[in-house]
Amino acid sequence: MSISAFALIFLTIYVGLAQLDALSLKIGLFSPVFGGAATGLVMGDLKTGLIVGATLQLATLGVATYGGATVPDFLSGSVMGSAFAIMSGRGAAYGIGLAIPIGLLLTQMDILARMTNTIFQHHADRLALEGDYKGVERNNLYGIIPWTVSRMLPVFVGLFFGSAVVKAINAWIPAWLMTGLKTAGIILPAMGIAILMRYLPIKRYYPYFILGFVLMAYFTKSFSLLGTALVGFVFAAIHVMDANERKNNGPSKPNDNSNDSGNSDDEEVEIDV
Amino acid sequence: MSDLKLNKLTKKDLKHIFIQNVLGLQLGWNYEKMQGLGYAYSVMPALKRLYKDDPAKMKQALNMEMGFFNTTPQMAHLIVGADVALQDQLGMNDENEKAIAGLKTGLMGPFAGVGDTIFVAIYNAIIYSITAYLALSNQPIGLLIPVVGCLAILWVRWKLFQVGLAQGTRLATTFADSMAIFTEGASILGLTVVGAMIPAVINYKLDLTYKVGKVTMNVQSMLDKIMPALIPLAIALFSYWILGRKHMNSTRLIFVLILIGMVLGNLGAIFGWIGSLV
């Protein structure tokens, strides 16, 4: 099966809009899970799109462009991976396996877009010296072009030659490599988790990390992720109330309450592992 | 907003500043001044109102506002608010130019530290993990969660803008205090979810059996007796550890995980090959 003209144009426009969403409102269009779902919807296999998108989403949870760093383009990866999985009819795991190298390959397009914008910055700098505020405004808006084209072009080309690409992949990639990529897709969410662990103060609040793990691992049947989040919220709320009370009662600094029972009144419990 | 006393800026100006800030801050992002161009775009409605008929001041303001700038977009509203409120009250002169430039560069760093933790790391950990978890079980309804989250964040961003407008330069110290406690609470919630995600989303099961006499043993069910989700936990902790090593970043970690996947995915074949050698 090859891709319809409508789906091709829809997905090309979609990734352009999604990039603008990532830069501004962050409604969600930019996230791999939306990308996979949109692809699945327009190509008539929502389930495959959702699974490919969700797996890539989990892998990249902690990966964000902190301070303008460039990260692999897993949105385009998710769109193309889902599309190739649906075209070939070989299932979500196949799509995930393809999406990873695609996302890595497209990393360079982000750098190219950010470099191109330097041209508009230089224009704007010159116009500012003349006091031309309208010109400055205009040059900021020109930035839309590199941002969107850097996503739309590779997705259009990739999907246009999609069925040929899929055939070539199937002919050339050995079975063990595809099995390996599929397994990599299963364990890849560990990356998103590990980055979040690096970013959050795990050394200070590690008991809550253990609590979440235990609830979910041992009580799989009675707990969902949302349920665990609510338990986490309870402890967070208790902590904030406690800290505020402490702040109002005296100048002593806020104290962490790193106890599973959450109601201990230990003073100055600082845990550093 | 009623208690806010601005001289020249109208309510409409403030709305325009907020919208241009949300939509335009990062459009011109470049390696030279990062959000500098977008920042100038964000405050443009204020500059137009204040210096439209004064080319000298307009030039001075434009050059100052287009300096290097980079922070978490959600936090930028605080700085933009303080910036335009100060210019509304004091106008533009050499002294005020220095004061505002100092405010911008002084606040963008600390605000990015807090903002990246709250609006990026913790927000993504909670919102997108639940969405992806639902999507994995074929429930597209979860896609609504980020949309609702976005609306809530938009409200927070508008409030931060108000705080910036009202507080001016004082916001640096007073706001950072209450923010610290909030960040601690949010970290607790985030870590609970992160811990739960390991068994929830890393669905790897060892597909390996071996024979002792006539009994076939399944390695995974033996591991489950020690602790459920032992291998996912091990992979997550290993990834956490290796990310802390020198010369390691998330893109390189992908290659490490692909390599582990290659080995785990072909375990049966690898053991078969070793067996044939013995």
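Since every read-out is calculated from the coordinates, none of them should be taken as a lab result. Since the model is a prediction, treat every value here as computed from it, not as a measurement. Neighbour counts are summed over all protein chains in view; Cβ atoms, including those assigned to glycine, are modelled from backbone coordinates with ideal geometry.
Angle check, please: helix B:94-115 long axis (alpha carbons) against the longest principal axis of chain B (alpha carbons), in degrees 0 to 90, nearest 10. Approximately 20 degrees, to the nearest 10. Starting from the Cα gyration tensor of region B:222-276, take the square roots of the eigenvalues, sort them a ≥ b ≥ c, and report rounded, prolate or oblate (rounded when a/c is under 1.5, otherwise prolate if a/b is larger than b/c, else oblate). Verdict is oblate for region B:222-276.
Across region A:6-100, the convex hull enclosing all Cα atoms gives 80 Å³ per residue.
Specify the residue with the greatest mean-square fluctuation among A:L41, A:L127, A:L29, computed from a Gaussian network of chain A linking alpha-carbon atoms under 10 Å apart. Looking only at A:L41, A:L127, A:L29, the biggest GNM fluctuation is shown by A:L127. Normalised by 2.2 N^0.38 Å, where N is the number of residues, the alpha-carbon radius of gyration of the protein assembly as shown equals 1.05. Sparsely packed loop sites in region A:148-221 (the chymotrypsin sites (Phe, Trp or Tyr not before Pro) outside DSSP H, G, I, E and B with at most 15 other Cβ atoms within 10 Å) comprise A:F161, A:F219. Under 13 Å from the Cβ of B:L253, count the other residues' Cβ atoms, weight Lys and Arg +1, Asp and Glu -1, and hand me the total. So the environment of B:L253 carries a net charge of +3. When exposed loop sites are taken as trypsin sites (Lys or Arg not before Pro) in a DSSP loop with at most 12 other Cβ atoms within 10 Å, the longest stretch of chain B clear of them is B:53-213. For the pairs A:K203/B:K33; A:K134/B:K12; B:K5/B:K159; B:K11/B:K159, note any where the Cα-Cα span goes beyond 24 Å. With Cα atoms farther than 24 Å apart: A:K203/B:K33. Shape summary: region A:124-247 maps onto an equivalent ellipsoid whose semi-axes, from the alpha-carbon gyration tensor, are 42, 36, 12 Å in decreasing order. For region B:11-198, the fraction of C-alpha pairs farther apart than 29 angstrom is 29 percent. Averaging 1/r across all pairs of distinct Cα atoms in region A:203-249 and inverting the result yields a Kirkwood radius of 11.8 Å. Given R0 = 51 Å, the distance between the Cβ atoms of B:L6 and B:A269 translates into a calculated FRET efficiency of 0.10. Here chain B is assigned +1 on the Cβ of each Lys and Arg and -1 on the Cβ of each Asp and Glu. Its dipole about the Cα centre then comes out at about 400 debye.
Of B:I235, B:I127, B:I17, the residue with the greatest mean-square motion in the GNM of chain B, using alpha carbon springs below 10 Å, is B:I235.
The fewest-to-most ranking of B:V201, B:V156, B:V114 by surrounding Cβ atoms within 10 Å reads B:V156, B:V114, B:V201.
Across chain B, the mean sequence separation of Cα contacts (distance under 8 Å, 6 or more residues apart), normalised by length, yields a relative contact order of 15 percent. In chain A, taking the dipole from charged Cβ atoms about the Cα centre, the farthest positive-side position among A:L129, A:F160, A:L104 is held by A:F160. Each label was represented as a point 7 Å from its Cα along the Cα-to-Cβ direction; for A:L105 and A:K134 these points are 4.5 nm apart. Its Cα gyration tensor gives chain A an equivalent ellipsoid; the semi-axes, largest first and in whole Å, are 40, 30, 15. For region A:55-128, the pair-distance distribution built from all alpha carbon pairs, in bins 10 Å wide starting at 0, is 19, 37, 24, 14, 6, 1 percent. With just the Cα atoms defining each centre, how far is region A:142-168 from region B:45-119? Give it in Å. The distance from the Cα centre of region A:142-168 to that of region B:45-119 comes to 38 Å.
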